[in-house]
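**Student:** Please find one structure pasted underneath; my questions will follow.
Coordinate-derived values only; no laboratory data. On a predicted model such as this, the values are computed, not experimentally measured, just so you know. Positions of Cβ are backbone-derived with ideal geometry, glycine not excepted, and every protein chain shown enters the neighbour counts.
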Amino acid sequence: MFRLDEKLTRLGIDARQVVRLEQSHSDAQVSVPGFPSQMAGAYLCVFQTRGGLRITVVLHLRASNRLAFFLNENGPLDKEAANQILGEAIRFAESLGFLFANLDIHRLDPAARRQLWESLALATGLPETEGADSEEKPVKPEPAPEAVKNGVPAWTVEEMQQKRRRFIENLGRLLAML
């Protein structure tokens with residue numbers, strides 16, 4: 001079983017502690033307690049702690065600009081128990097509509113591993129948005145009519161940067177397989 005940790009905003013661990021890291025192929029519509037239903041991306045992370053291994057499924061809630069951490073409730077696990085709970089984590093995430101790609105962080109050299117880890121919101125957290133403490137959750141604005149060309153909304157700079165980052169990550173994985 002996995003429980004939502006409402007206080008956790010980032011993992012705050014070193015890249016060397018990450019044993020397995022997976023990222024969802026695409027976003028899915030989710031409903032998390034305390035947040036409106038919205039699109040989200042997902043991560044699955046297995047990491048080392050002093051007492052053993054922990055497993056977390058992290059949802060990146062797009063409209064709320066928050067991370068929702070679902071940690072295994074049994075605390076640190078030994079390797080055998082972690083393998084069993086990892087299967088449960090994958091089934092939990094798949095039941096929400098996510099399919100994962102392994103980022104193969106364990107195969108990277110230490111510098112590349114640290115760079116990949118620090119580029120993810122899991123490690124650094126998300127920047128606070130204005131009014132994040134208010135009761136109203138931020139909603140993604142619709143494009144202005146002048147930003148629509150031929151019936152297709154123009155992309156914002158933020159969306160272009162996100163698409164570029166995903167393209168580079170996917171290209172890197174593709175080249176690594178060759």
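**Student:** May I ask you to list the residues in segment 20-31 that are farther than 12 Å from ARG62 by Cα and crowded, with 16+ Cβ neighbours inside 10 Å?
**Tutor:** Within segment 20-31, ARG20, LEU21, GLU22, GLN23, SER24 qualify.
**Student:** How many residues, within segment 40-82, are among the aliphatic types (A, V, I, L, M), closer than 16 Å to ALA121 by Cβ and not in a strand (DSSP E or B)?
**Tutor:** In the first step, residues of segment 40-82 are kept if they are among the aliphatic types (A, V, I, L, M); the result is 40, 42, 44, 46, 53, 55, 57-59, 61, 63, 67-68, 71, 77, 81-82.
This time we only want the ones that are closer than 16 Å to ALA121 by Cβ, so: 40, 42, 44, 57-59, 61, 63, 67-68.
Filter once more, keeping what is not in a strand (DSSP E or B): 63.
Total meeting the criteria: 1.
**Student:** I've got another one for you. Test PHE92 against the stated conditions and say whether it is surrounded by 15 or more Cβ atoms within 10 Å (Cβ to Cβ) and touching a Leu at 6+ places or on another chain (Cβ under 6 Å). Outline the logic, then answer.
**Tutor:** Numbers: surrounded by 15 or more Cβ atoms within 10 Å (Cβ to Cβ): yes; touching a Leu at 6+ places or on another chain (Cβ under 6 Å): no.
Here the answer is no, as PHE92 does not meet what is asked.
**Student:** Exactly one condition in (1) in contact with a Phe, Trp or Tyr (Cβ under 8 Å, 6 or more places away or on another chain); (2) surrounded by 21 or more Cβ atoms within 10 Å (Cβ to Cβ); (3) under 23 Å from ARG166 (Cβ atoms) is false for PHE98; which is it?
**Tutor:** (1)
**Student:** List every residue pair whose Cβ atoms lie under 6 Å apart, where the two residues are 6 or more positions apart in sequence or sit on different chains, the first residue falls within segment 12-25 and is farther than 14 Å from ARG114 by Cβ, and the second residue, located anywhere, is of a type in the set (S, T, N, Q).
**Tutor:** Qualifying pairs under 6 Å: GLU22/ASN102.
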